[in-house]
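No lab work stands behind these numbers, since they all come straight from the coordinates. From a predicted model like this one, the values you see are computed outputs, not experimental measurements. Reconstructed Cβ throughout: ideal geometry from the backbone, glycine too, with neighbour counts over all protein chains shown.
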Amino acid sequence: MTRVRVHTYMPPGHVRTPAYLRGKTGVIERALGPFPNPETLAYGLPGARTDLYRVRFTMAEVWGDMAETPTDTLDAEIFGHWLERLD
Amino acid sequence: MTNTIPPDARRWHDMGGDPAGPVPQDQHDFSLWEKRVDALMVIGSSTGHFTVDGLRRVLEDMGPDAFDRLTYYERWIAAINQNLIESGVYTTHDLAVKMAQITARGDTYGTATTPPTTP
């Protein structure tokens, strides 16, 4: 599966990627297809159709030593412009 | 695992992973004005005057103290109002005139549980 890292961008406006996942590495679980970009819809602007992916992370990756069950996984739906492809 | 994000850049509402207490499970009845706010949200978004994304943007921009000052539906109506002004449905002057009319109806209107009977 394709490995990706979530960008560490921290802009002051409306974004749809939670901070606790930024900088974390996961795998593409599936491509969900294009959806209108909520980050521009939020400002009353048209939402360009933007690829959305379901990305799977391990709890160890997300929470480090605080993870109670490190091998459990967490899925998050993240737009492509937040993802850096690693391989 | 690496985390190079400056901690102070995270926005206040983006609280995933923060320590938190139990989720309140108690229910309550909704007053008439709260139901109307809910209806206004459905009507306004289904007719294309705003998106749920636009409502979220305004709620986030209110800042954390809004959650102490305002109730759930007070925050909703503030966000709906901001979006309706931005999309040109009415002006702030229109709103001012309407608010004066509503105020003239009396103090009990906002807590009514049934619609007023029309004469």
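With the convex hull drawn over the C-alpha atoms of chain A, the volume per residue is 91 Å³. With θ set to phi - 60°, apply the Karplus curve 6.51 cos²θ - 1.76 cosθ + 1.60 along segment A:19-26 and write out the HN-Hα couplings as whole Hz, x wherever there is a Gly or Pro. So the Karplus estimates, Gly and Pro as x, are 4, 5, 9, 6, x, 8, 10, x Hz. Rounded to 0.05, the FRET efficiency of the residue A:84 and residue B:61 pair, given R0 = 35 Å and the Cβ-Cβ distance, is 0.80. How big is the Cα convex hull of the protein assembly as shown in projection, averaged over all directions, in nm²? Average of the hull's projected areas for the protein assembly as shown equals 15.2 nm². Quote the FRET efficiency, to the nearest 0.05, computed for residue A:77 versus residue B:94 with a Förster distance R0 of 45 Å and r equal to the Cβ-Cβ distance. Computed FRET efficiency for residue A:77 and residue B:94: 0.70. Work out the P(r) tail for segment B:1-82: percent of alpha carbon pairs separated by more than 16 Å, whole number. The proportion of pairs with Cα distances above 16 Å equals 64 percent. Applying 1/(1 + (r/R0)^6) with R0 = 35 Å to the Cβ-Cβ distance of residue B:102 and residue A:40 gives a FRET efficiency near 0.55. For the peptide A:23-33, the mean number of other protein chain Cβ atoms found within 10 angstrom of a residue's Cβ is 1. Reducing segment B:85-100 and segment A:31-56 to their Cα centroids gives an inter-centroid distance of 31 Å.
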